[in-house]
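The structure under discussion appears below in the form of structure tokens.
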Amino acid sequence: MRALYDVPAPAKLNLFLHITGRRADGYHLLQSAFMLVDWHDTLHFERRPGGKLSREDLGPALPADDLVLRAARALQQATGSTEGAHIQVEKRVPAEAGMGGGSSDAASCLLALNRLWNLGLALPALEKIGLALGADVPFFLRGRNAWVEGIGERITPISLPSARFAVVKPARGLATKGIFQDPQLKRDSDDATISGFAANPFGFGHNDLEPVARRLCPDVGEALQWLGSQGLRGRMTGSGSAVFALLPPGTVLAQAPAGWVGRECSNMEVHPLVGWAPSDDSV
């Protein structure tokens, strides 16, 4: 196999996000429900000899050493592979939106290169590599909607009803680090249960990061007000600045204001790359 083209990297929405505490090492303890949506980046991979890695941006420019290249390099280091690759990235999921775009790109990169380089790593080995890149990467590797706890490493698959959502990203983005370091961040939400969530999955809980995000980036509040003007009840996803709302049947989303990115999304039952790596080390 010399190439893999049109490899998808779907985004996610956090249906809720509660911060329940903080570990001694500074990492925050959270509870959340991650939901895959059909807004995705597309990656293309061409095998190269000699271990050289290169990236070509087919859409917006990415940082010089982004998560895609870091994932490829980490896979080389973990396996001792001398294979290389030229990677093209069609970036559609906005950055600093709280939609996991970079983490999803990294996960799809690990799955694709594991196949392209004939490495045969199972999911647990890929997850170990992925977790070192970012807390959301293992979720995208497993590829199913999930109840997520701990610092993001405890992942329980969940089923969700099919639905459509309005997703809007205002012009400004938000850096995750700044929100989690803010002294005003609420860090003591009560523990939630999957059964409580399942009774109302699209209206459950809240996002503990939203008040801080709205203060740091007033665009978040403006985006929520814009959804409200259309009769939609919005909330922020992840660490923002994208916001979303459940779309009732027959509702058509108005055109987003200039400079914003907005679209209608459907949720996905599974990631398109489920099955690209065996699920356990015995396979």
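Taking region 242-279 as the search range and keeping residues that are among the hydrophobic types (A, V, I, L, M, F, W, C) and either touching a Ser or Thr at 6+ places or on another chain (Cβ under 8 Å) or in a strand (DSSP E or B) (or both), which one is farthest from GLY102 (Cα to Cα)?
My answer is LEU246.
Quick test for you: out of GLU149, GLU222, pick the one residue that is of a type in the set (D, E, K, R), part of a helix (DSSP H, G or I), more than 19 Å from VAL270 (Cα to Cα) and out of contact with any Lys or Arg (no Cβ under 8 Å at 6 or more places or on another chain).
Step by step, each of GLU149, GLU222 is checked, and only GLU222 is of a type in the set (D, E, K, R), part of a helix (DSSP H, G or I), more than 19 Å from VAL270 (Cα to Cα) and out of contact with any Lys or Arg (no Cβ under 8 Å at 6 or more places or on another chain).
Determine which member of the set LEU69, LEU43 is free of Cβ contacts under 8 Å to residues at least 24 places away in the same chain and surrounded by 14 or more Cβ atoms within 10 Å (Cβ to Cβ).
Every option except LEU69 fails the conditions.
For region 11-35, enumerate the residues that are part of a strand (DSSP E or B) and more than 15 Å from ALA242 (Cα to Cα).
Scanning region 11-35 gives HIS18, ILE19, THR20, GLY21, ARG22, HIS28, LEU29, LEU30, GLN31, SER32, ALA33.
Among residues belonging to region 236-281 that are free of Cβ contacts under 8 Å to residues at least 12 places away in the same chain and of a type in the set (Gly, Ala, Ser), point out the one that is farthest from LYS128 (Cα to Cα).
The extreme case among them is GLY250.
If a residue must be touching a Lys or Arg at 6+ places or on another chain (Cβ under 8 Å) and part of a helix (DSSP H, G or I), how many such residues does region 106-117 contain?
The qualifying residues number 2.
Tell me yes or no: at least one residue of region 217-230 is at pLDDT below 95 and of a type in the set (Asp, Glu).
So far as region 217-230 goes, no, none of its residues is at pLDDT below 95 and of a type in the set (Asp, Glu).
Quick check, is SER239 at pLDDT 95 or above, under 20 Å from the mean Cα position of the chain (by Cα) and either part of a loop (DSSP other than H, G, I, E, B) or under 20 Å from PHE16 (Cβ atoms) (or both)?
When the stated conditions are applied, SER239 does not pass them.
Scan GLY98, GLY50 and give me the residue that is of a type in the set (Gly, Ala, Ser), on the phi > 0 side of the Ramachandran plot and in a helix (DSSP H, G or I).
Step by step, each of GLY98, GLY50 is checked, and only GLY50 is of a type in the set (Gly, Ala, Ser), on the phi > 0 side of the Ramachandran plot and in a helix (DSSP H, G or I).
So, of the residues in region 165-183 that are touching a helix residue (DSSP H, G or I) at 6+ places or on another chain (Cβ under 6 Å) and in a loop (DSSP other than H, G, I, E, B), which turns out to be nearest to GLY134 (Cα to Cα)?
Per the stated criteria, the residue is LEU174.
The values are calculated or read from the model by the stated rules, or taken from the named source; none is laboratory data. Computed from a prediction, not measured in an experiment: that's the story for all the values here. Backbone-built Cβ (ideal geometry, glycine too); neighbour counts: all protein chains shown.
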